[in-house]
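Working notes, structure below.
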Amino acid sequence: MDQILTFLEPNFFPWRLLAAAAAGMILSLSGSLVQSITQNDLAGPSTLGINAFIVLFVIALHFASRLLALPLPLEWLSLILCCAVTVLLLFFFWRRNCGVAVRHSAFGQTNMDFLILVGLCFNLFVGALFSLFEFFFMSLNWEFPSELWYGNFRLSLMSNSLPLVIVAIFLWGAALKMAPRLQLMSFSSHLAENWGVNGKRVQLQAILLALLGQAFIINFFGVFSFAGLIFPHLLRSISFFQSEIKRELLWGSLLCGIIFLLLDFACTHILILGAEVPVGMLSSFLGTSFLFILLINRYRRRQQ
Amino acid sequence: MLNIKNEKTIFMQHGLLDCLLEIDSGKVYAIWGANGIGKSTFFSYLKTRSKDISWGMSFLEQAELRPLGAVSLHHIIKVLRKKHEEELEDIDYLIDFFNFGSLLQRPINFLSGGQKQLAKIILCLAKKAQLYCLDEPFNNLDEEKESRLYQYLQEARQHQQKSFLVIDHNRYFLESVVDQVFYFRKKDGSDSYFLGA
């Protein structure tokens, strides 16, 4: 019994490994969800501004807690507020019968590309705001979550890792349940609607799930930019995952969890000048390079 | 008989006035009109009202297929068989009829424009419905596939009493297969349109 208790102690149990694996799963699922409902391989939680939207909440809450001296766990408060606002916004869009424009006229495709451009601009805006607030906080000697922008798992404990694992399992189950509708949506939104799939409802559900997963990761571990963009592409480069979205969600997300775990393990043990490179920094560098290559390839395809 | 009445308030922004569109079972109707007159918009309207209309409907859109990943028609049929078995027509018959068997496993993104159009047509006709709304179904089809589609329309209307509402500019189609033509026309000197037979 003592041995079991020792094993479950926060400092002993590999919570970091679990957190990294769960985060990898969530990032992969979020990316797959967003890309399948938009039928656009440039779409992702980063490129659509979902991550930046969550970071905005974290910054705002830190600022508010300083001004109002709130003695509350900021991560949980930020998470709850972010999810509440998202649900309200989605309800508002639902009532107004809006949806992400995925119509495949030439204009419709431009709508999606424009949305991605807006998302990237929003990322830049929030990045600038982040720097501004960091400067402001540091000038006033206030504590600021500087590590937020480049996520890492150094502070993994049972209190933040276990909820993340639960969220990962929930997202996994929910995404699998949606898999047939997502398969039809990723093939053609018109076809899906013709066969009775409520396209707008599926889009809103998928965005909500992606945002929920990202909100958990960002609030407790920081931003892992562009990982949600890279993982689906990585999976679709393997023939096993190319044709069925269910495989991408079911097995692909597990594989990405393992990849992320190994990446974090490598970052922990391969130190650069004695310091650990945050996984979020690595994903940001790799992701932006990958986005650049994707854009060039897309331009070349259109020229042909 | 199905009556579809356009509501004035819905169509004011498109300039359509009240009119009556009477459709009988077992007939092929064509919608004809100049580019930009509102033919596809009319189909979009029908789609939003499809729950209020007692007939089962299936729509074929103009937009090109651009699926994510290397999905083939085979994978989509697998999903439809699993989740929409009761709503499926004999899809194997459709695949044989349009000679699509050899292309079934090929990813849609690797198909030509005409082959993609055929895939769309098969998926539209695979749904059990009384009224099929086809928006320019003959686009990109070669002569052989066009004649197969004519043949299918005639067989379906005669033997299964299915109705087809087709947007097309093809004169041969209008003269050879169609029972009635609906002309979308602009009223002189105003933004409004009316339908005449």
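The values are calculated or read from the model by the stated rules, or taken from the named source; none is laboratory data. For clarity, every value in this text was computed on a predicted model and none was experimentally measured. Every residue, glycine as well, gets a Cβ built from its backbone with ideal geometry; the counts of neighbours run over all protein chains shown.
Checked across segment A:234-242, the condition of being in a helix (DSSP H, G or I) and surrounded by fewer than 16 Cβ atoms within 10 Å (Cβ to Cβ) holds for at least one residue.
Look at (1) modelled with pLDDT of 75 or more; (2) under 23 Å from A:LEU120 (Cα atoms) and you find that A:HIS104 fails only one, number (1).
Please state which of the following conditions A:ARG247 fails to meet, knowing it meets all the rest: (1) more than 11 Å from chain B (Cβ to nearest Cβ); (2) over 24 Å from A:ILE80 (Cβ atoms); (3) surrounded by fewer than 19 Cβ atoms within 10 Å (Cβ to Cβ). Here A:ARG247 clears every test but (1). The number of residues in segment A:142-162 being surrounded by fewer than 16 Cβ atoms within 10 Å (Cβ to Cβ) and under 21 Å from A:GLY31 (Cβ atoms) comes to 0.
Across segment B:105-124, the number of residues qualifying as in a helix (DSSP H, G or I) and surrounded by fewer than 12 Cβ atoms within 10 Å (Cβ to Cβ) comes to 1. Selection of segment A:23-76 for residues being in a loop (DSSP other than H, G, I, E, B) and among the small types (Gly, Ala, Ser) yields A:ALA43, A:GLY44, A:SER46, A:GLY49, A:ALA69.
Cβ-Cβ distances below 6 Å connect the following pairs, each with a first residue in segment A:149-161 that is closer than 18 Å to A:ALA227 by Cβ, a second residue that is of a type outside the set (A, V, I, L, M, F, W, C) and assigned to a loop (DSSP other than H, G, I, E, B), and a separation of six or more residues or different chains: A:TYR150/A:PRO278; A:GLY151/A:GLY222; A:ASN152/A:PRO278.
Could we say that B:GLN151 is among the polar types (S, T, N, Q), more than 27 Å from B:GLY33 (Cβ to Cβ) and within 19 Å of the chain's Cα centre (by Cα) here? Considered against the rule, which asks whether it is among the polar types (S, T, N, Q), more than 27 Å from B:GLY33 (Cβ to Cβ) and within 19 Å of the chain's Cα centre (by Cα), B:GLN151 comes out as no.
In summary, B:SER102 fulfils each of the numbered conditions (1) within 11 Å of chain A (Cβ to nearest Cβ); (2) in a helix (DSSP H, G or I) with the single exception of condition (1). Within segment B:80-96, residues that are within 14 Å of chain A (Cβ to nearest Cβ) and of a type in the set (A, V, I, L, M) have Cβ atoms under 7 Å from residues that are surrounded by 11 or more Cβ atoms within 10 Å (Cβ to Cβ) and assigned to a helix (DSSP H, G or I) in these pairs: B:LEU88/B:LEU80; B:LEU88/B:ARG81; B:ILE91/B:ILE77, counting only partners at least 6 apart in sequence or on another chain.
Taking the conditions (1) at pLDDT below 90; (2) touching a Leu at 6+ places or on another chain (Cβ under 6 Å) in turn, A:SER156 satisfies each one other than (2). Going residue by residue through segment A:285-295, is there one that turns out to be within 14 Å of chain B (Cβ to nearest Cβ), part of a helix (DSSP H, G or I) and not small (Gly, Ala, Ser)? Yes: one or more hits. Would you mind stating whether A:LEU182 is within 30 Å of B:GLU61 (Cβ to Cβ), within 14 Å of chain B (Cβ to nearest Cβ) and surrounded by 23 or more Cβ atoms within 10 Å (Cβ to Cβ)? Considered against the rule, which asks whether it is within 30 Å of B:GLU61 (Cβ to Cβ), within 14 Å of chain B (Cβ to nearest Cβ) and surrounded by 23 or more Cβ atoms within 10 Å (Cβ to Cβ), A:LEU182 comes out as yes. Quick one: in segment B:105-133, of everything that is of a type in the set (A, V, I, L, M, F, W, C) and away from chain A (no Cβ under 12 Å), which residue is farthest from the chain's Cα centre (by Cα)? Among residues in segment B:105-133 that are of a type in the set (A, V, I, L, M, F, W, C) and away from chain A (no Cβ under 12 Å), the one farthest from the chain's Cα centre (by Cα) is B:LEU111.
Listed by first and then second residue, the pairs linking a residue in segment A:26-48 that is closer than 16 Å to A:ILE217 by Cβ and touching a residue at least 40 places away in the same chain (Cβ under 8 Å) to a residue that is among the aliphatic types (A, V, I, L, M) and assigned to a loop (DSSP other than H, G, I, E, B), with Cβ atoms under 6 Å apart and 6 or more places separating them unless they lie on different chains, are A:VAL34/A:ALA43. Residues that are crowded, with 22+ Cβ neighbours inside 10 Å and either free of Cβ contacts under 8 Å to residues at least 40 places away in the same chain or more than 7 Å from every other protein chain (Cβ to nearest Cβ) (or both) were ranked within segment B:58-68; the one that is farthest from A:ILE245 (Cα to Cα) is B:LEU60. Is there a residue being more than 14 Å from chain B (Cβ to nearest Cβ), modelled with pLDDT of 90 or more and surrounded by 24 or more Cβ atoms within 10 Å (Cβ to Cβ) anywhere in segment A:201-210? Within segment A:201-210, one or more residues are more than 14 Å from chain B (Cβ to nearest Cβ), modelled with pLDDT of 90 or more and surrounded by 24 or more Cβ atoms within 10 Å (Cβ to Cβ). Of the residues A:LEU255, A:LEU229, the single one that is touching a Pro at 6+ places or on another chain (Cβ under 9 Å), surrounded by 15 or more Cβ atoms within 10 Å (Cβ to Cβ) and closer than 28 Å to A:ILE166 by Cβ is A:LEU229. Taking into account only those residues within segment B:22-41 that are closer than 28 Å to A:GLY199 by Cα and touching a residue at least 60 places away in the same chain (Cβ under 8 Å), which is surrounded by the fewest Cβ atoms within 10 Å (Cβ to Cβ)? Step by step, filter segment B:22-41, then rank; the result is B:SER40. The residues on offer are B:SER50, B:SER44, B:SER72, and the sole one that is within 11 Å of chain A (Cβ to nearest Cβ) and surrounded by 20 or more Cβ atoms within 10 Å (Cβ to Cβ) is B:SER72. For segment B:139-167, a tally of residues being under 12 Å from B:GLU61 (Cα atoms) and either more than 14 Å from every other protein chain (Cβ to nearest Cβ) or touching an Asp or Glu at 6+ places or on another chain (Cβ under 6 Å) (or both) returns 2. Scanning segment B:82-96 for residues that are among the aliphatic types (A, V, I, L, M) and in a helix (DSSP H, G or I), we see that the one that is nearest to B:ALA126 (Cα to Cα) is B:ILE91.
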